[in-house]
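Comments concern the structure below.
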């Protein structure tokens, strides 16, 4: 669709800021606590404790931009840059602390696929329910019902409860309903990254089609390739502000350049370290197993050690450590934890109450396993795996350097795969 | 087409909370979807299905009827079947209306919390969730009122046509009262889960403070005029009294009590609307 100065506005975001209080509300979930805190404040004369302490942070700071009708705008940025908060404000889920937002026409927001699906209801019933939640009228759903079913490829399971569906089917059905809602403004959060490749391609196609029909689309994704394919404009966010606004190619380049700040080790000051009530992170570093110092460039043909040092603040705390590894395309490569059944070695501290003091957890990735790429680590600590109390995203980045150990026979590019492990191959004559 | 549609800004001022009513009305189809879903789920994988709606008030009435007689609460030692049916009708009216209050408050209080994954992912008038619970409770009342009450009233030969409009008025009034109450309860529970824990006890107390299993006559006999008015200031007590007066010719609640109850209902709904509108702004952050 052609854009000029006469193209009407679709979205207008004006000086929007959003403040969150850290922790305070998690701790105030019970009325009795609020009351007892109120009494404490009365007695001590210190009302600051009532209105929340100083632990506030601005998830968004003074954001302004406009989107024209027919524009497909991508939003990129690190985790925690404020992208999701922005989408939530645009979808009216969250109210901004300051500023205002205006939209022309009907908004459809897709922050999650299949919101409101009920497992006990059949596919057919869920299409109507989910459609209604997304803001479609019954008559609209009825008219598009066949298209929705066809796009989702669930025809023969229409009268089966959704609880018996596979994950893939649920995702397909959810996206399909949303894709047929035909809003004037569509807001999508990272949902294009679900489903198998062919389904993803169809989703991309659908998004482009909606843009061509003159709808404004805002999409958040870590899939930079997708952003540059379907968007005509991109916004780069960092620490709650918009840093760059322009053609996707330019913005993505800038973003990737900013990612190159690699350090082989991160050491935190106690005051600012990620911490829970029981554990405080001290440092995380990466090195080749045989080298003594951390290095953000490690050799591919040697095992790679990731060291996490933390302090136990509370006698008898129980702690587990979990790592996520992503490659430079944002592909989730692996997840690993120190639980016994996931561990090649033995971790004596696992599940045991720990005395006060400093601890170092070390995870060794095998040699000739990762590709020559840049990897980013997410770190999770907590009393139980899957329920982390400390989460650090993109905490450390390192580059794996190709030393040629696996290139005696082939000198071309290994570009593409997330890992390139050395595996056992053998061939024998069978006839 | 575009010229006629202007940019609309979110969060237009709504000090009385009335715009949210209009918004909810505009999404009435979603309300029906939630209502339909709640009904479907309730009777999925249930053998006798909708019969449960009848069994609950029937058994409840039976239990309290027996209690009634064993406690020597009847005035007449020579009971005939007609009188027993009349007493059953009196209790049934109380049970059905109480069920409306109890079920709607119980289900609506948890409704926002139970849907927090939806509330934090998409926007729709959140008022629809507690309203759907209210509709479900109203459905129970409708089934019981249409299938059970006529039977017992006919067998008791005590149905009063002329004043039966009062029962409808009482139901509408009670729905309005429940609406005000669930606006408060559901949004408070979203922030303080204690509401959900305390509610069952309050409801139990409320059942005995309202003429559910006994008639207003007992109050007339045991309370002074002043306390009768105070007793009927409870909208539930007034409504049940009014409904019984309408269809069964039981004594009418004191007019002063009815007026007090009406004022209380109005205040509850008005403040509920204002509060719910306020709480909407932090709902997704704090739920």
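Any read-out appearing in this document is the output of simple, stated calculations on the displayed coordinates, not a laboratory observation. Predicted model only: the values in this text are computed from it and were never measured. Virtual Cβ from ideal backbone geometry, glycine too; neighbours counted across all protein chains shown.
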(message) Can you give me the Rg/Rh ratio for the protein assembly as shown, using Cα atoms for both radii and the Kirkwood formula for Rh?
(response) 1.05
(request) Please work out the Cα center distance from region A:78-114 to region A:173-251, rounded to the nearest Å. (result) 14
(message) As a footprinting exposure proxy, order B:173, B:227 by other Cβ within 10 Å, with the fewest listed first.
(response) B:227, B:173
(message) Just want to confirm a number: the relative contact order over chain B, from Cα pairs under 8 angstrom separated by 6+ residues, in percent.
(response) 25
(request) For a footprinting-style exposure proxy, rank B:203, B:95, A:342 by other Cβ within 10 Å, fewest first. (result) A:342, B:203, B:95
(request) Take the alpha-carbon positions of region A:316-357, form their convex hull, and give its projected area averaged over all directions (one quarter of the hull surface) in nm². (result) 4.0
(request) Could you please rank A:201, B:14, placing first whichever residue has the fewest other Cβ atoms within 10 Å of its Cβ? (result) A:201, B:14
(message) Please compute the contact order of region A:365-427 in relative form: average sequence separation of alpha-carbon pairs under 8 Å and at least six residues apart, divided by the residue count, as a percent.
(response) 42
(request) Distance between Cα centroids, region A:317-363 to region A:370-392: provide it in whole Å. (result) 8
(request) Counting only C-alpha contacts under 8 Å and six or more residues apart, can you give the relative contact order of region A:265-401 as a whole percent? (result) 28
(request) Taking the Cα atoms of region A:265-401, report the difference between the largest and smallest coordinate on each principal axis, in whole Å and largest first. (result) 42, 33, 29
(message) With the crude spin-label approximation of a point 7 Å out along Cα→Cβ, what separation in nm comes out for residue A:431 versus residue B:275?
(response) 8.2
(request) Please list the equivalent ellipsoid semi-axes of chain B, computed as the square roots of five times the alpha-carbon gyration tensor eigenvalues, in descending order and whole angstrom. (result) 38, 21, 17
